[in-house]
Amino acid sequence: MLSLFHVLHGQTCVTKERIWSVSAKRQRQVIWLRDGKAAEMEDKSPNGYSCPQMDSLFFVSEICGALKKIKRTGWLRCQVPLPESDSDHMHRCAMCALLLTQPADPRDDYSHPDTAKFHPSKVDTTRLLKMAVSHDLCEALASDITPFCDPKKVASKHETEERAMQEIRKVVGDPLGKDLYELWHEYEAQETVEALYCKDIDKFEMVVQAYEYEEEHLKDRKEIPSAPDDPSSHPPASPPVTEEPLRTFFMTTNKTMKSPLFKRLDRDLREKREKMLTEKGWEVTEQERQQPQ
């Protein structure tokens, strides 16, 4: 059953849940709905991005709705029970973005030249909030591609997401479609302070979720006699979260945070995690702790 709509001009892209195809005719868009029926919509605008026939309901129900069904790839790989969706992830990212509406915390040092730009007073918090709540919108069409996915998918990740955002822009229509497209581009470029903050938030939310899954599902070390004595020697294939800590998520983000605020929160979380794992009888490797940049 076809669930969304075309992305790639003149091609067909198949994922686990979606098939996208495109009409070869110009000024014509075919959208495949869940019931397999095709809805044809003509775009009368010269730039192809503002189409009055494409209403907000399709964007909210089909595109945003897909994000509620896409389970995050990393959690599936680690066999997490009832893993979060893309929407779950972006909702808490938005909540993290709201922290920047607060006055600067005295524990965070913004006096150095490389950290001064992160002072909350210098951040466009409205733009950051919009970016945080939409930064993975492309995954409604492109799916959640991680570094552990098929190498060909990883290599073409940016191109796939770019085309997905172009199609989403057409569905939404400008000016909102243009704004969403530009927010995604800004996030990918990682040049503005809002984009840098959003990346911090994206990674911080991930490690918070990893900690919560470990706390909820990871068994005590003594209950798993087959667990490796050396924490760094676990096999490449990810064991289920019930039998092994989610080490990779912490090892790949140990130097990620750039802002004083999220660097502090990340450090506090890792210390809290280490205490929790120690109580369960698990060791924590040095690579899992926050590293100096």
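See the values below:
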{"read-out": "Loop-located GluC sites (Glu not before Pro) in region 170-210, at most 14 other Cβ atoms within 10 Å (DSSP)", "value": "Glu191"}
{"read-out": "Whole-Hz couplings from phi, Karplus 6.51/-1.76/1.60, listed for region 95-102; x for Gly and Pro", "value": "5, 5, 4, 5, 4, 6, 7, 7"}
{"read-out": "Descending semi-axes in Å of region 157-293, equivalent ellipsoid built from Cα gyration tensor", "value": "36, 18, 12"}
{"read-out": "Shape parameters for region 59-167, alpha-carbon atoms, Rg then Dmax in Å", "value": "16.9, 46"}
{"read-out": "Region 254-293: equivalent-ellipsoid semi-axes (sqrt of 5 x gyration tensor eigenvalues, Cα, Å)", "value": "21, 11, 5"}
{"read-out": "Inter-probe distance in nm under a simple model that places probes 7 Å from Cα toward Cβ, at Ala155 and Thr126", "value": "4.4"}
{"read-out": "Per-pair calculated FRET efficiency, R0 = 22 Å: Leu98 and Val60 via Cβ, rounded to 0.05", "value": "0.50"}
{"read-out": "Projected label distance in nm at Arg264 and Asp88, using a 7 Å step from Cα toward the beta-carbon", "value": "2.9"}
{"read-out": "Extension reserve of the Lys69-Asp109 stretch, reckoned as 0.36 nm per residue once the Cα distance is removed", "value": "10.4 nm"}
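Here, each number is a calculation from the coordinates, and none is a lab measurement. This structure is a prediction, so every number in the text was calculated from the model and none was measured. Because the Cβ atoms are built from the backbone with ideal geometry, glycine has one as well, and the counts that use them run over all protein chains shown.
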